[in-house]
Amino acid sequence: MDTFFRLGKKTSLDLMACLAEFYLSGPTADPEIPSLVHINDKGAISGFVGVNVVPMTFSDKSLRAAFCGALMVRGREQDPMAGARLLKAFLSGRQDLSLSETANTTSLEMSRALRGVAFASYSLEWMRILRPAAFACDMALRKSPLRKWAVPVARGLDRLHEWSGFAGGRIGKGVAQTTKAVKYVDAGTFADSIEILTSHYQMRPHWPDRLLRHVVGEAFEKPLYGVPIAALVMAPNGSPIGAYLYHLREGGVGRVLQILALPGREGKVIDCLLADADERGAAGLRGRTHPILMEAMLGRRMLFANASNTILFSHDEAIIDCFRRGKAFVNGIAGESWGRHIGGDYK
């Protein structure tokens, strides 16, 4: 396909290759649950839905979860039902349950009409401002060539605020000391920690080792968001109690892909993440919520917004209840956002 339906612009060859690998030939592409295209009355491709499949375990039962990613239609005014046809065809596949973590408002409306269930606690984006002027600058100009000139000015304003006694959103010294428990790791070591840090979830991915390492390796490569920073948070006895992975451009807003924590240790891990970003001069952080993290975020000066939605399609009430109770580990590396097509720098 020579276009990604992006306002008529040609898609780069690198992005085309990345999408082809992710949706057609990569290790999370399942020939029994394929990505789909829509053919209009003239025989031309007018839409597509990208699908990747994650092996899951639910109460020791093995399942295949299909994630509906990119759902796009050209000329929706001429064929308003094309998107619904694609979604219905996706849902009729051989997967055990169907999900989306990137559904926009239009997809949300279609999904609800097809008995999909949206979960607010999985669908919010959290933001933590550390340096207000730099945060506003980076959010407004992150794709503009003006950013490199504007960010130093904004950081100067933030320093003036600090000198005047207003610390903005900076992390206090007591919290900053939590970074002593942080151990920075590479992609392989981060992957090794995931099984133990997700074992308490009733539903979670069950990756073969090779697939897990592929997913984490891809998740580290998001140059549009900056350099990857991955760390384990260690208990005094040297065992990990949590982990996080985020990407940061100098002076910008860090994009948090994943926070992991053992039960009851969520606050400690979040504090380590915030202190880490503050010490690196980040303007702030942003990431996707998870029900288990929400309570720990209270009192830590977070802001929340709804940009995209996590939706579940399942006839199994036990699975739906698992999501409602926050016992399902999805989004981030357990979904679609780990792919290089999200956060890749494609010209």
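The values are calculated or read from the model by the stated rules, or taken from the named source; none is laboratory data. Everything numeric here is computed off the predicted structure, so don't read it as measured data. Please note: Cβ atoms are built from the backbone with ideal geometry, for glycine as well, and neighbour counts cover all protein chains shown. Protein only, heavy atoms only, side chains kept; ligands, DNA and RNA dropped before computing areas. Shrake-Rupley method; radii C 1.70, N 1.55, O 1.52, S 1.80 Å.
Summary table
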{"read-out": "Among 32-45, 102-115, the order from most to least packed when residues are scored by Cβ within 10 Å on average", "value": "102-115, 32-45"}
{"read-out": "Selection from Ile129, Ser35, Leu24 lying farthest towards where the dipole of the chain points positive, charges on Cβ", "value": "Ile129"}
{"read-out": "For segment 249-302: span of alpha carbons on each principal axis (Å, largest first)", "value": "32, 19, 18"}
{"read-out": "Gained length - Glu317 relative to Arg300, 0.36 nm times residue gap less alpha-carbon distance", "value": "2.7 nm"}
{"read-out": "Gyration tensor (Cα) of the chain, equivalent ellipsoid semi-axes in angstrom", "value": "34, 25, 18"}
{"read-out": "Added length on full extension, which subtracts the Cα-Cα distance from 0.36 nm per residue, His200 to Ser92", "value": "35.8 nm"}
{"read-out": "Among 329-341, 309-321, the order from most to least packed when residues are scored by Cβ within 10 Å on average", "value": "329-341, 309-321"}
{"read-out": "Percent carbon-and-sulfur accessible area, segment 90-137, ignoring ligands, DNA and RNA, probe 1.4 Å", "value": "50"}
{"read-out": "Full-extension gain in nm, Leu160 to Ala118, via 0.36 nm per residue minus C-alpha separation", "value": "10.8 nm"}
{"read-out": "Mean separation of Cα contacts under 8 Å, 6 or more apart, over the residue count of the chain: relative contact order %", "value": "23"}
{"read-out": "Förster radius 41 Å - calculated FRET efficiency between Leu24 and Glu279, Cβ distance, rounded to 0.05", "value": "0.50"}
{"read-out": "Sites Ala140 and Asp60 - FRET efficiency at Förster radius 51 Å, r taken between beta-carbons, to 0.05", "value": "0.60"}
{"read-out": "Cα-based reach from Lys183 at 12 Å (exclusive), listing aspartates and glutamates while leaving out same-chain residues under 8 positions away", "value": "Asp276"}
{"read-out": "Cα-based equivalent ellipsoid, segment 188-282: semi-axes from gyration tensor eigenvalues, Å", "value": "22, 18, 10"}
{"read-out": "Relative packing of peptides 283-292, 121-130, 87-96 - highest average C-beta neighbours within 10 Å first", "value": "283-292, 121-130, 87-96"}
